Amino acid sequence: MSSDHEVFTGRREDMRLVTGQGVYTADNILEGQFHAAFLRADLPHARIVSIDANAALEAPGVRLVLTGKDALEANLIAPGPLVTFPGVDGMKIRAPARYALSTDRVRFVGEPVAIVVADSADAAADAIELISIEYEELPAVGGPEAALGDGARQTFDDWPRSGG
């Protein structure tokens, strides 16, 4: 190793973090700051039958509750893929429109379904628990082999199975 390069001796922040002295973004509370919490799908594939967020909206400290219906109305589309280079034979990447909150069905565990904005993190987290959601569970596909198999359920019905 040349003399103009420092030798790695460990991360500078390790001692601060393991001793509880670390400072995180969430430690900085600004005056008038709001906090958000997301309700996330607990099923890998399901149709959203109904969402009732009225109790959450009436909870103490809650400023706003948004669902997929609101995302659809506001055209809040999730960011597309970061990779845009062509594939085999110049095939372009497939990127179906995905809204910031699921609008009709969930396609993976953890997909955002609703968001609560409140005066405190605790109020937002408590209000999330008040959102009532009814799902119709759909068959899930696990693994690439099963997903590519004949007759496998597609994640997005309006996308063809093959081609560009």
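The values are calculated or read from the model by the stated rules, or taken from the named source; none is laboratory data. Every value quoted in this text rests on a predicted model; they were computed, and no experiment measured them. Neighbour counts run over all protein chains shown; Cβ positions are idealised from the backbone, glycine included. Surface accessibility is based on the protein's heavy atoms, side chains included, excluding ligands, DNA and RNA. Shrake-Rupley method; radii C 1.70, N 1.55, O 1.52, S 1.80 Å.
Among the residues of region 85-118, count how many are of a type outside the set (Gly, Ala, Ser) and outside any loop (DSSP other than H, G, I, E, B).
Selection size over region 85-118: 10.
Residue under question is residue 122, and the condition is that it be on the phi > 0 side of the Ramachandran plot, charged (D, E, K, R) and either surrounded by 11 or more Cβ atoms within 10 Å (Cβ to Cβ) or assigned to a helix (DSSP H, G or I) (or both); does it hold? So residue 122 does not fit the description; no. The residues in region 1-45 that are touching a Lys or Arg at 6+ places or on another chain (Cβ under 7 Å), within 25 Å of residue 124 (Cα to Cα) and not aromatic (Phe, Trp, Tyr) can be counted, and the count is 1. Total residues in region 125-137 satisfying the condition of being open to solvent by 50 Å² or more (accessible area, probe 1.4 Å) and under 11 Å from residue 60 (Cα atoms): the figure is 1. Just one of the listed residues (43, 66, 30, 82) is outside any loop (DSSP other than H, G, I, E, B) and either open to solvent by 90 Å² or more (accessible area, probe 1.4 Å) or not β-branched (Val, Ile, Thr) (or both), and it is 66. If I filter region 51-69 for residues that are in contact with a Phe, Trp or Tyr (Cβ under 6 Å, 6 or more places away or on another chain) and more than 18 Å from residue 127 (Cα to Cα), do I get at least one hit? Checking region 51-69: not a single residue is in contact with a Phe, Trp or Tyr (Cβ under 6 Å, 6 or more places away or on another chain) and more than 18 Å from residue 127 (Cα to Cα). Of everything in region 85-119 that is acidic (Asp, Glu) and open to solvent by 50 Å² or more (accessible area, probe 1.4 Å), the residue that is nearest to residue 52 (Cα to Cα) is 104.
So, residue 145, is that one open to solvent by 90 Å² or more (accessible area, probe 1.4 Å) and assigned to a helix (DSSP H, G or I) or not? Taking the combined requirement at face value, the residue satisfies it.
Note on region 7-27: residues that are in a loop (DSSP other than H, G, I, E, B), open to solvent by 90 Å² or more (accessible area, probe 1.4 Å) and not hydrophobic (A, V, I, L, M, F, W, C) amount to 5. Looking across 71, 53, one residue alone is free of Cβ contacts under 8 Å to residues at least 60 places away in the same chain, crowded, with 18+ Cβ neighbours inside 10 Å and among the aliphatic types (A, V, I, L, M). It is 71.
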